[in-house]
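I have placed the structure first, in the form of structure tokens, so that the comments after it can refer back to it.
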Amino acid sequence: MTARYYASMGGHPPQDQIMTDRAMFTDAYAVIPKGTMRDIVTSFLPFWEGTRLWVLSRPLTGFAETFSQYIMEVAPGGGSDRPETDSTAQAVLFVVDGTGTITIEGTAHALEPGSYVYLPPATNWSLRNDGDAHLRFHWIRKAYEAVEGLPAPEVIVTNERDVAPSEMPGTDGKWATTRFVDQTDMRHDMHVTIVTFEPGAIIPFAETHVMEHGLYVLEGKAVYRLNTDWVEVEAGDYMWLRAFCPQACYAGGPGRFRYLLYKDVNRHMPLGPMVRRG
């Protein structure tokens, strides 16, 4: 089945539209619906040309502290020759719309919907939209937590269509995860995956775990359990979960429900104050 990725952002609602929406921020989770991603809430970055972004999450003390996530929108001819100003930051880019070129350590790679790029810290890279339409991609950043005796991971450039999903046991393929990184590779301290539920599939228990999450709905709709609440979400919505927030899901259909998922992994828990950047 051909993958679809929600990518419609911006605009401005009319004055006669009611203000009520599904946006919420609690001490355990946040829901940022697609209707809040308007022109007036965009941000801009140094050394980026023809580019605006929506900041979906950022480290907050007492909430989710490990990562930031942006939706980047690059106009034709736009981009950056100095995209990252923090040498400790690693990144994942996932393209949802348009085309462009990313150049990594002197090697150019084409970008298109479904492209996944992992960039280790201190990587020399640049990005340009050399197409005739806007390029939109998710940019997830995390300060890399180095471990003595483990080298940093290498660059990864691939596409979702080239990665076979892994079926969850006992689900007949109705719940599957597309993993771009080997789970047993201890060099990685974050994973960004795509989770797919066929209509009627569920997470049949309230997951409660140490990993922080960012979940951007790429396709479909579902009812998601967040802490003590059941919340309806659809393509274009974003869920931001702190550690140990209970979570479950029911995908009611009529089509597939898919989301881009961030989580922090494979590191000891710090036993004292730790400054995280992102």
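The values are calculated or read from the model by the stated rules, or taken from the named source; none is laboratory data. These figures come from a predicted structure and were not determined experimentally. Glycine gets a Cβ as well: all are built from the backbone with ideal geometry, and neighbour counts include every protein chain shown. Each accessible area value is taken on the protein alone, full model and side chains, heavy atoms only, with ligands, DNA and RNA left out. Shrake-Rupley method; radii C 1.70, N 1.55, O 1.52, S 1.80 Å.
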Item to complete: Any chance you could run the full-extension gain for Val265 through Thr20? It's 0.36 nm times the residue separation minus the Cα-Cα distance, nm to one decimal.
Response: 84.6 nm
Practice prompt. Enumerate the calculated ³J(HN,Hα) couplings along region 244-260 in order (Karplus 6.51 cos²θ - 1.76 cosθ + 1.60, θ = phi - 60°), each rounded to whole Hz, writing x wherever the residue is Gly or Pro.
Written response: 6, 5, x, 8, 7, 7, 10, 9, x, x, x, x, 5, 10, 9, 9, 8
Worksheet, complete the sentence: In order over region 146-157: 3J(HN,Hα) from phi, Karplus 6.51/-1.76/1.60, θ = phi - 60°, whole Hz, x for each Gly or Pro, gives 5, 10, 4, x, 10, x, 5, x, 8, 4, 10, 10
Worksheet item: Given H placed 1.01 Å from N in the peptide plane, which residues other than close sequence neighbours of Leu45 have an amide H under 5 Å from its amide H?
Response: none
Worksheet entry | Separation of alpha-carbon centers, region 1-54 and region 216-230, rounded to whole Å | 17 Å
Worksheet entry | Percent accessible area from carbon and sulfur atoms, the chain, protein chains only, probe 1.4 Å | 53 percent
Item to complete: Compute the separation of the alpha-carbon centres of region 119-172 and region 56-114 and state it in Å as a whole number.
Response: 9 Å
Worksheet item: At a Förster radius of 51 Å, what calculated FRET efficiency corresponds to the Cβ-Cβ distance of Thr158 and Thr228, to the nearest 0.05?
Response: 0.85
Response to the item:
For the chain, the per residue accessible area (1.4 Å probe, Å²) is 47 Å²
Discussion item. Per residue of region 47-53, what does 6.51 cos²θ - 1.76 cosθ + 1.60 with θ = phi - 60° give for ³J(HN,Hα)? Whole Hz please, x for Gly and Pro, Karplus curve as stated.
Written reply: 6, 9, 10, x, 9, 10, 8
Practice prompt. Set Lys and Arg Cβ to +1 and Asp and Glu Cβ to -1, take the dipole of region 173-278 about its Cα centre, and tell me which of Val231, Gly252, Leu271 lies farthest positive.
Written response: Leu271
